Amino acid sequence: MNALKPRLLILAETEFWPNLLSGCFRRGIPVAVVNARISDRSWPRYRRLRWLWRPFLSRLSRVLAQSETDAERLKAIGCLPERVTVAGNLKFDVRAGGEAEATVLLKALAADLRLVVAGSTLEGEEEALVEAWPRLLEADPRLAMVLGVRHPERFATVAALLDRSGFKWVKRSDWRGQTAGTVKALAAGEIVLIDTIGELASVYSLATVAFVGGSLIPAGGHNPLEPAQFGLPIVMGPYYANFRSITDDLRARDAVRVAGKEELAGALIELLRDRSAALAMGERARRVFDEQAGATGRCVEAVKELISTFGTI
């Protein structure tokens, strides 16, 4: 800090590092928090230690919370009420960039198929999807599945699982540097393993139905907004604490289906068979996404106001 001489520190979510905060306060550096949240998992711990956090959090200059629940929790553990406002969730402003190479290839290679895209999957979820796959194919023989594994270090493990499954499958990396004209088209029932980084968000745009992983097991879930922005019907498991506010918004509008491992196949089949209901559900998801946008602008305006209060940077 002595070397950089910052005039303002902006933290995201709950990056409340006591030593860093103390260093800022000693030097008179204002601290703002954007996208502030207290997760369901963290809330009991923060509440129990609120005596420890209050001296730090009471000195924050501005706290921009994701939701009313987050705002109330932050005030309860020490943030000054007059400095806490609800700005919304920055993740609602995330938009997929241009089409990834995988998206371009899949669009051509699966032109006559319907895709189930399962994204950000964790250990145990790929097995559940593979087990459900025969039932899905029985309901719609013109399906192919795209598996977007969350952690790269698990690519080989999931590849071994697919080898044992008996289903025809292909690795996305096998297509690297090729064009649609040089790659064999996908067959009905085939599974594509996305073993590359940064392409899943774009690939979701091709889905007929999307599954958001990290949610069939107690891992907190992943972001359902990635498929919601494309107006897709979404299925998640019951463990979505990391995205509770977002998922609850979607559930309140009947824009997501929540299903455990035993119900997963049935939930996907229902959306695959009832196309009009699935399209309507996807459109509701897109509306939730669009209506909640704007948190970035609200955070920027609040930070600009804080800058003007403490002097020009």
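Residues that are surrounded by 15 or more Cβ atoms within 10 Å (Cβ to Cβ), outside any loop (DSSP other than H, G, I, E, B), at pLDDT 95 or above and out of contact with any helix residue (DSSP H, G or I) (no Cβ under 7 Å at 6 or more places or on another chain) are absent from the range 35-43 altogether. For the range 44-74, taking the residues that are more than 29 Å from the chain's Cα centre (by Cα) and closer than 16 Å to L9 by Cα, the one that is most open to solvent (accessible area, probe 1.4 Å) is identified as R59.
Out of L113, L80, L105, one residue alone is in contact with a Lys or Arg (Cβ under 6 Å, 6 or more places away or on another chain) and more than 28 Å from G220 (Cα to Cα). It is L113. Among residues of the range 51-64 that are farther than 26 Å from T296 by Cβ and free of Cβ contacts under 8 Å to residues at least 40 places away in the same chain, those with a beta-carbon under 7 Å from a residue that is aliphatic (A, V, I, L, M) and open to solvent by 20 Å² or more (accessible area, probe 1.4 Å) at least six positions away or on a different chain give the pairs S58/L80. The criterion of at least 2 residues that are open to solvent by 10 Å² or more (accessible area, probe 1.4 Å), on the phi < 0 side of the Ramachandran plot and of a type in the set (V, I, T) is met, among helices (runs of 4 or more DSSP H) falling completely within the range 209-313, by 295-310.
Just so you know, in the range 1-34 the residues that are part of a helix (DSSP H, G or I) and under 29 Å from the mean Cα position of the chain (by Cα) include one that is surrounded by the most Cβ atoms within 10 Å (Cβ to Cβ), and it is L21.
The values are calculated or read from the model by the stated rules, or taken from the named source; none is laboratory data. Quick caveat, the model's predicted, so the values are computed rather than measured. No Cβ is skipped: glycine too gets one built from the backbone with ideal geometry, and neighbour counts run over all protein chains shown. In case anyone asks, the SASA skips ligands and DNA or RNA and just uses the protein heavy atoms, side chains included. Shrake-Rupley method; radii C 1.70, N 1.55, O 1.52, S 1.80 Å.
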